[in-house]
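FYI, it's all coordinate maths here, none of it is from the lab. All values derive from a computational prediction rather than experimental measurement. Glycine gets a Cβ as well: all are built from the backbone with ideal geometry, and neighbour counts include every protein chain shown.
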Amino acid sequence: MLALFKSSIPLLCLSTWLLAELSYGAVVSEEDVLGDISMVNIASRFEQPVNRAPASVTIIDRALLDASGAQTWADVFRLVPGFQSYSPNGNRRGVSYHGFGGEFPNRLEVMVDGRSVYEPIFSAVVWSSLGVSFEDIDHIEIVRGPSSPSQGSNAMLGAVNIVTRAPVQDSGTALTYTSGSRSTRNATLRHNDQLGGMFYRLSLGYQHNEGFPSVANEGPLDDGRELYQLSFRGTLTPSLQDSIDISFGLVDNTEGLGDGDHPDEYLSTNYDSNYQSVTWLRSLANGDELQIKGYRNSLRADNSVNSGLISTAFTVPPAAVQSLLGIPDQSFTVGFDRMSSERFDLELEQRFAPRGNWQSVWGLGVRSEVVESEFLFGHDDKIREESFRLFSHNEWTLTRDWLFNFGVMLEDTAVGILVSPRLALNYEFITNHSLRMVLGHSERGPSIAELNAERISELGGLSYDAVIRSGNGLGEEKIDHAELAYIGRFPSANVELDISLFREEARDGIDAYSEDIVLPIPVFDDTIKVIANTGEWETTGVELQLSYRPLSGSLLRLHYAYLDLDSDYVKRFVPVELHSDFNTSRPRHSGGLLLAYQLTPRLSASVMNYYQSEVDWRNGNAIDEFARVDAQLSYRFALVGGSQVKLQAIAQNLGSDYSEYSANNVFETRFYIKVEVGLP
């Protein structure tokens, strides 16, 4: 199938241009049929109703986000079927899809207003560096399934776009303050106004908390946070045809980083990040749109502690250091010292207005990434990597009931050309009831960090601890996926239902095997991890998402996921080839139930229930199943002069304590009070 896709690529790019200019005749108007069906952009890069999209999509809107009482990004993604979210440390989040959770989960593309925030130095998302306050969010679009044909290599298992509110949507000043458990003190200040022809929003934020509680008989985890952030977004319309969107922001975050199994080894880590983004959109006379987007992301991280003399650390006489290790007694530091990453990205995109029963988009982009870390790469030189991409997506209405989607992404990377195509056939067999059948192939190249890893620690120029290195010939990992989904709407009953059956088959997965090594200073074990294409897995499962509004002002929202994982990877090659699996590294069952109700025009209440079965996180601990119940009350009123006030009382985990990722990361019952004041 892949060979057929590759051979059709030149024809596809040509057809995007030609077919956009053709008319296939009028089709039935969708206005009466679609009603208020949610529209999404992330799946195909042009707006589609969710029942016409080529993938399963979840939308978290402003109302759902408020009703959930979410305090962290981990709370937010517990609203999405098939997603796993957790906290490796008190303020470090892990978000993964279909069970590939680890300390730094990858294979999930995350964007803010279309700007990728995937950090190459960590091969993952650093959620604290996003610079987004929850109050600035309009909605979040989430593709549940491989999305490389639309969003590129990093979206191998899924994609997320966090869409912030347009500055023109709000006016005036708003202040928000949250206080509660674990010494939580969060504050935001937002100001929306107009300066000449520009509508803008300026947001300032502050966060403080003490992370997870102390571990019995082992002391505190020291994973608290002190964070300051600033963000700006402005929109200009210099002409009737042109609009310009400008955004920039910065985050200064200090938090504790460490392994929950070793509370005494936590280090205070500082993250400094900033971004700048400009998007120019021109609307052409025939309804087509031309967009150019450029952005820059920068991240600097620093943590190191002088641990004193070797003799003091190991409680031996100074002379023993020379005799045992072959080097004179000296001071040494722990931590990764300094690391940095920087990304420049430029993309051109052309969206063709619907012509008859056809609409399409195409585009191309270039990306440059630069990383620097002596700790990760064994030298302090900068490593640079460029990549190029070309993409196209097409929607063809075959008949009134049948719809065909075809998209493909080509990427020129450090490991060669990656090709990720997707075919989807949507069939509306009854009004408001559709089936979607999807076949796709996605490829993900190794990140710049995975491709250049050389993590070996030295003392006096001699190696004493070998952790991980990149293997020779490291290449792309591949996944074939299929989906059969039902999307139903029952307008008279106010019910929306989404059920999907899926299967994913991956090969050449990027994993790591153990290899023996001889070190000049044999302090630690004599093995090193080698990154290689030695993994494979098959995931089969079902996901369900149900929304029901039985009464005005009410919401019942249910989601559930069942995952069956069959995996294999090479644990080591010599003296004999040894295989293992990570079948238990994802919860087989997970789901949630949200109940929300507007009790009076001013008072509302909601309860969020979440369940996760047992899981043994890779590089983490085996965690028992848990059920968590959150609840909140919200009260709104107006002050003299027109100021609007919102008070919230939020409770999280109204039940037994449970652990997240590490057995020592204990999440107890927590309470918060939140106040929001809107000034005219």
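Structure summary
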quantity	calculated
Search result, residues across segment 284-296 that are in contact (Cβ under 8 Å) with a residue 60 or more places away in the chain, of a type outside the set (Asp, Glu) and assigned to a strand (DSSP E or B)	LEU290, GLN291, LYS293, TYR295
Any hit, segment 422-429, residues being closer than 14 Å to PRO149 by Cα, touching a helix residue (DSSP H, G or I) at 6+ places or on another chain (Cβ under 6 Å) and assigned to a strand (DSSP E or B)	yes
All positions within segment 419-448 that are in contact (Cβ under 8 Å) with a residue 40 or more places away in the chain, within 30 Å of ASN494 (Cβ to Cβ) and surrounded by 16 or more Cβ atoms within 10 Å (Cβ to Cβ)	ALA424, ASN426, GLU428, ASN432, SER434, ARG436, VAL438
Every pair of residues 6+ apart whose Cβ atoms lie under 8 Å, when the first sits in segment 400-418 and is farther than 13 Å from PRO54 by Cα and in contact (Cβ under 8 Å) with a residue 60 or more places away in the chain while the second is aromatic (Phe, Trp, Tyr) and part of a strand (DSSP E or B)	MET409/PHE391; LEU410/PHE391; GLU411/PHE388
Which listed residue, of LEU299, LEU281, is over 30 Å from SER239 (Cα atoms), assigned to a strand (DSSP E or B) and in contact with a strand residue (DSSP E or B) (Cβ under 7 Å, 6 or more places away or on another chain)	LEU299
Pair list, Cβ < 8 Å and 6+ apart or interchain, from segment 629-649 residues that are touching a residue at least 60 places away in the same chain (Cβ under 8 Å) and under 17 Å from THR600 (Cβ atoms) to residues that are part of a loop (DSSP other than H, G, I, E, B) and small (Gly, Ala, Ser)	GLN632/GLY69; GLN648/GLY69
So SER311, is it on the phi < 0 side of the Ramachandran plot and in a strand (DSSP E or B)	no
Counted residues, segment 100-136 - those being among the aliphatic types (A, V, I, L, M), farther than 17 Å from ALA449 by Cβ and surrounded by fewer than 23 Cβ atoms within 10 Å (Cβ to Cβ)	3
Selection within segment 328-342 - touching a Ser or Thr at 6+ places or on another chain (Cβ under 7 Å) and over 19 Å from PHE375 (Cβ atoms)	ASP329
Test for SER590: is it polar (S, T, N, Q), farther than 21 Å from THR534 by Cβ and surrounded by 17 or more Cβ atoms within 10 Å (Cβ to Cβ)	yes
Exclusive hit being touching a Ser or Thr at 6+ places or on another chain (Cβ under 6 Å), under 28 Å from VAL112 (Cβ atoms), surrounded by fewer than 17 Cβ atoms within 10 Å (Cβ to Cβ) and without any contact (Cβ under 8 Å) to a residue 40 or more places away in the chain, set ASN270, ASN306	ASN270
From the options ASN186, ASN89, ASN154, residue that is buried (at least 24 other Cβ atoms within 10 Å of the Cβ) and more than 18 Å from ALA43 (Cα to Cα)	ASN89
Counted residues, segment 385-399 - those being over 17 Å from GLU47 (Cβ atoms), in contact (Cβ under 8 Å) with a residue 40 or more places away in the chain and out of contact with any Ser or Thr (no Cβ under 9 Å at 6 or more places or on another chain)	2
Number of positions in segment 547-568 that are more than 30 Å from ILE510 (Cα to Cα) and among the aliphatic types (A, V, I, L, M)	4
Condition check for SER341: over 23 Å from the mean Cα position of the chain (by Cα), buried (at least 17 other Cβ atoms within 10 Å of the Cβ) and among the hydroxyl-bearing types (Ser, Thr, Tyr)	no
Subset of segment 206-259 that is under 30 Å from ALA285 (Cα atoms) and of a type in the set (Asp, Glu) - its residue that is surrounded by the fewest Cβ atoms within 10 Å (Cβ to Cβ)	ASP242
Identity of the residue in segment 60-83, closer than 17 Å to ALA155 by Cβ and in contact with a His (Cβ under 8 Å, 6 or more places away or on another chain), that ends up surrounded by the most Cβ atoms within 10 Å (Cβ to Cβ)	GLY82
Unmet criterion (only one of (1) closer than 30 Å to ILE531 by Cα; (2) not in a loop (DSSP other than H, G, I, E, B)) for LEU546	(1)
Failed item, numbered, when ALA596 is tested on (1) in a strand (DSSP E or B); (2) out of contact with any Ser or Thr (no Cβ under 6 Å at 6 or more places or on another chain); (3) over 21 Å from VAL467 (Cα atoms)	(2)
Meets criteria (over 30 Å from GLU668 (Cα atoms) and among the basic types (Lys, Arg)) for ARG182	no
